[in-house]
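Working notes for the structure below.
Bear in mind that the values in this text are calculations on the coordinates, not laboratory data. Quick caveat, the model's predicted, so the values are computed rather than measured. All Cβ positions, glycine included, derive from the backbone under ideal geometry; neighbour counts span all protein chains shown.
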Amino acid sequence: MAPFSRQCAPSLALAAALMLVQLANPVAAEIKNEHKVKAAIVYKLLRYISWPDPASSSDTIRLCVDSNDPYYTAFSDLDGRHVRDQKIVLKVLPEPVVVDACHIAFTSAERDRTANSLIAQAGKGVLTVSDSSQFAEHGGMINLLVENNRVRFKINPQAAYKSDLRINSSLLRLAEVVETDSKPSKTAINLHVDSGAFE
Amino acid sequence: MRFLWGAISAHMLRTLVGTVCCVTSAQALCSSMAFDDLADLSLEELMSIDISTVDEKAHNALSQASAGYTITRQAIQRSGRRSIPEILRMAPGVHVGRVDNNKWAVSLRGFNGRFSNKYLVLLDGRSMYSRSLPGINWQQIDTIIEDIDRIDIIRGPGASLWGSNAVNGVINIVTRSARETQGLLLALSSGSSTDSETLFRYGTTLGNSTHLRVYGKHVELDAFEDVNGRSAHDENRRTLIGFRSDRQTNDKSSLTISAEYSQSHPDELFASVNFDELALQVMPTTNRITTHHVLTHWTTRLTEKNQIGLQLYYDREERDTALQVLERETIDFDFKQHLTLGNRHSWVWGFGYRVSHDELSNTNLLTAYPNNLSVKVAQAFVQDEIQVTSNISVLLGAKIEDNSFSNIEVQPSLKLSVDTGQAHHSWASVSKAVRTPTRVGTQVRIDIPSLLLEPGTALNAFPLPLLAELAGNDSLESEQLLAYELGHKWQPSSTFYIDLALFYNDYKKLNGTEFSGLLCQPGNTLFADDPSCLGTARFLETPLMFNNSVSGNTSGGELVLYRQFTDHLESEFNASYISYDLESTSIGFLNELADVRNPKLLANLKLSYQASERWNLDLWFRHVGKIEGFGPLGNGFASYTALDLRAALQFNKFLQFEFAAANLTDADHLEESSELGEVESQPIPRTLRATIKILF
């Protein structure tokens, strides 16, 4: 007991000192883990998406995010990274929404209105991504979700095909597949089985 | 209450331990979760990262400065074991001893016994600790093994968050959400003479955001053979059935509703006192335990920095066993809120109330006074995690609790966590925890069959048989612990890590007993008052009154070494050591004997080999040190090293075969005994088992 009390005394003192120090030593704001993980997932799933020509032959992938979007900082980590031999370039999503110049347009749930205009605006060859509720069911393509503290996603392949985007089937296996304004399809249930009990 | 830092998968842990605290804990605790590290992960791994909300955050922060260990789903599957105590054997600092076929002794950081009582077990947020009986009843802790997401184990006090009785640790069993358990699973398992299990689980989707699973299982355990090759009459039949639904609304709220019913028949060879013949009688006894519960859990994110969680459950158990005839109902309510204030403060606070009503009937060995009791526990806690600099954080927390047995208890904790760079992480903590008195200890008398002493022997010089009984003492106080802990984690690469934890536990007011007089029976005459009562008495009785006479310390540590040799071969070694220095100020029974009732050394070595896409092979060596025993009053047990093997074949997407062998090298060793000596320890046999799992 005695030797341990002596050993612990310095750490207690240290802890107390540190608590005083921290009042005078602010730390830079951190990006939420959720934002980072969602951004990383978007980065990862890009390699499963094929764009129609001429986008597919372009040497850049233009990722558009509203500069006021809370996710903008997290997505800035993608800027300059490569997917296969294409470089990701982060662009500011214009207001009002014009998506013509984007390969991917992201908007977060905090900006629900943008999400709706994203769906309305998206033309050929623009991959729409949002974490807004029911985004995929309303016609968005990739819908990030948080469930049990884990990020997962729904995909609306129908919407993607309409835009001439190709989604690799191994990505669909990881997703919940939905159709526009419908309940989860039978496929979705079967796909869940794949990631079921066996590991 | 779903907690712990290992909320990520095993593989994740291994690839990411350098940044593990960043991934798993609140942003405040770690400098940052580097995007580079995330970018190196696969999509599946990213989808398994826990981004933490209310419950988890509180827990993650705490466990950053605690000795935590997670048994992952993969480790559970690859253990080949089909009961929770057996799975717990792999964790450092956890001693698991099987008394007979259906009785277990489990403890963290010492003080083991069938009635060990200095830790908590939570199963999906439900406390499995009983104040009606001492401690944890492992006979009632079971679920579908395939649906367990992870078992989080914190060694050392967790009382500032979980409240009293989280003295030497917390075992938190978390099952998967209904969404993660979709489809039909059927499993059939049959073992060499010892057990068979049949289970089903069906998971389905109800509408857009609601998932449901229903499940059931039936286990039959045949009796062990005793040391003379006769039936030990310790067979068990166990059936459980239940459901769980998870509903996710607008990505911000989730609602879980679950319910379960179980019935088991853990029979035994029960030793008690035959008062007609004044002799020990051992009889095969048929027991019955039924339980059911309903639980609902709701969490919502009000804003990004403000999350709340509510939980409510009702739990009922009926035990009709030779030792205890008990009916108990519990209602528990908990509220929690997590608030991030500014950049540095991460607050968690909450409160809860539990009321438990029991009816404890008298049995051959046990007399309760009163027979009916309501136990009420009101609690509140607050915890602040302060990010002092980018790599130093301090956690301050305390729980205040008002309970029927010991009134107000305050259990604070101070923890310091430092990222020392280069994948090094150090922590230190000082925490207080108490174990509150229970029915046994305050309001129950129990005869101790192993202490029926024949006349004229070394232990009983009187001319009459002498029987000892444990006697409750209603002024018994809480046992107190002040724990000092230090730890260090180092992961120089994704394929290697070391995790070391050291502890010094300073205990005060531990339960002991004191011989309080000698009574001539029948007649209840105090021998000291009237020595002539010996002439008319049939036997002598000595009450061993519970007291708080034991104090002292334990010290020791646990080491975990992980190494991944290739993509297909990984290994883990862990070892635990504890030494005891306890003394008692009174003369009684079992007073300072924790050191002779427990092994000092425990070790595990596991090797996992993925031989091909379809074949997995696992080897597991387990070593348990010698239990000294205490002469004529309690057996010791030799140390043993057992080898378990498992081979699994994933035949196709729908079909898996598993072959598991346990105790290959050391069949028929004895592991643990019950403190009261009401059941015999039985030799644990070698078992071979085949399991087939079908998934659609």
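The table below gives the values:
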item	result
Within the protein assembly as shown: Cβ-based charge dipole about Cα centre, in debye rounded to nearest 20 (Lys, Arg +1; Asp, Glu -1)	2360 debye
18 Å cut-off, amide nitrogen to a point 7 angstrom out along A:Ser57 Cα→Cβ, residues in region A:130-174	A:165-166
Cα-Cα pairs of region B:479-582 separated by more than 18 Å (percent)	68 percent
Virtual paramagnetic centre 7 Å along Cα→Cβ of B:Ser390, amide N under 20 Å, in region B:473-511	B:491
Directionally averaged shadow of region B:168-280, computed from the convex hull of its alpha-carbon atoms, nm²	12.2 nm²
Mean separation of Cα contacts under 8 Å, 6 or more apart, over the residue count of region A:33-194: relative contact order %	18 percent
Residue-count net charge about B:Phe573 - beta-carbon cut-off 14 Å; Lys, Arg +1, Asp, Glu -1	-1
Global geometry of region A:33-194, whether rounded, prolate or oblate, following the gyration tensor of its Cα atoms and the 1.5 cut on a/c	rounded
Label-to-label distance, nm, for residues given as B:Tyr261 and B:Thr457 (7 Å Cα→Cβ offset)	4.7 nm
Most positive-pole-ward Cα, A:Ser169, B:Thr321, B:Trp349, against dipole of the protein assembly as shown from beta carbon charges	A:Ser169
Centre separation in Å (Cα based) which lies between region B:121-140 and region B:578-598	25 Å
Ranked by how many other beta carbons lie within 10 Å on average, peptides B:614-624, B:668-678 from highest	B:668-678, B:614-624
Compactness of region B:10-695, expressed as Rg and Dmax over alpha-carbon positions, Å	25.3, 86
Ranked B:Ser494, A:Ser58, criterion: other C-beta atoms within 10 Å, fewest first	A:Ser58, B:Ser494
Simple Cβ-charge dipole of region A:33-194, Lys/Arg +1 and Asp/Glu -1, about Cα centre, in debye nearest 20	420 debye
Residue-averaged beta-carbon neighbours from other chains (10 angstrom radius) around B:203-215	2
Extreme residue, positive dipole direction of chain B, given options B:Thr442, B:Pro157, B:Val388 (C-beta unit charges)	B:Val388
Exceeding the 19 Å Cα-Cα cut-off - candidates A:Lys44/A:Lys87; B:Lys399/B:Lys489; A:Lys154/B:Lys653; B:Lys376/B:Lys509; A:Lys36/A:Lys124; B:Lys432/B:Lys509	B:Lys399/B:Lys489; A:Lys154/B:Lys653; B:Lys376/B:Lys509; A:Lys36/A:Lys124
Residues B:Met90, B:Met545 arranged by fewest to most Cβ contacts within 10 Å	B:Met545, B:Met90
For residues of B:175-187, the mean tally of beta carbons on other chains within 10 Å	4
B:Gly512 long-range amide H proximity, modeled H, under 5 Å	B:Asn547, B:Asn548, B:Ser549, B:Val550
Given charges at beta-carbon only (K, R positive; D, E negative), |dipole| of region B:650-696 in Debye	680 debye
Average beta-carbon neighbours from other chains, 10 Å sphere, peptide A:34-45	6
FRET efficiency for A:Ala120 and A:Ser50, using Cβ-Cβ distance with R0 set to 22 Å, rounded to 0.05	0.40
Ranking of B:His265, A:His82, B:His338 by count of other Cβ atoms within 10 Å, fewest first	A:His82, B:His265, B:His338
Sum of -39500 (n - 2.57) over DSSP H runs of 4+, divided by residues of chain B (222 nm, nearest 500)	-2000 deg cm²/dmol
For the protein assembly as shown, alpha-carbon Rg over 2.2 N^0.38 Å	1.00
Long-range amide H partners of B:Ser116 with built H, under 5 Å	B:Val106
Residue list for region B:479-498, given a label point 7 angstrom along the Cα-to-Cβ vector of B:Lys508 and an amide N cut-off under 16 Å	B:479-484
Farthest positive-ward along region A:33-194 dipole, Cα basis, beta-carbon charges - from A:Asn143, A:Pro70, A:Trp51	A:Trp51
Amide H contacts of B:Gly110 (H built 1.01 Å from N, under 5 Å, at least 5 apart or other chain)	B:His95
Calculated over region B:385-442: convex hull of Cα atoms, volume per residue (Å³)	87 Å³
By average C-beta atoms within 10 angstrom, highest first, the peptides B:433-440, B:73-80	B:433-440, B:73-80
Distance from region B:313-335 to region A:94-108 (C-alpha centre basis), Å	58 Å
Label-point gap, in nm, between B:Thr204 and B:Asn343 - each point 7 angstrom along Cα→Cβ	5.2 nm
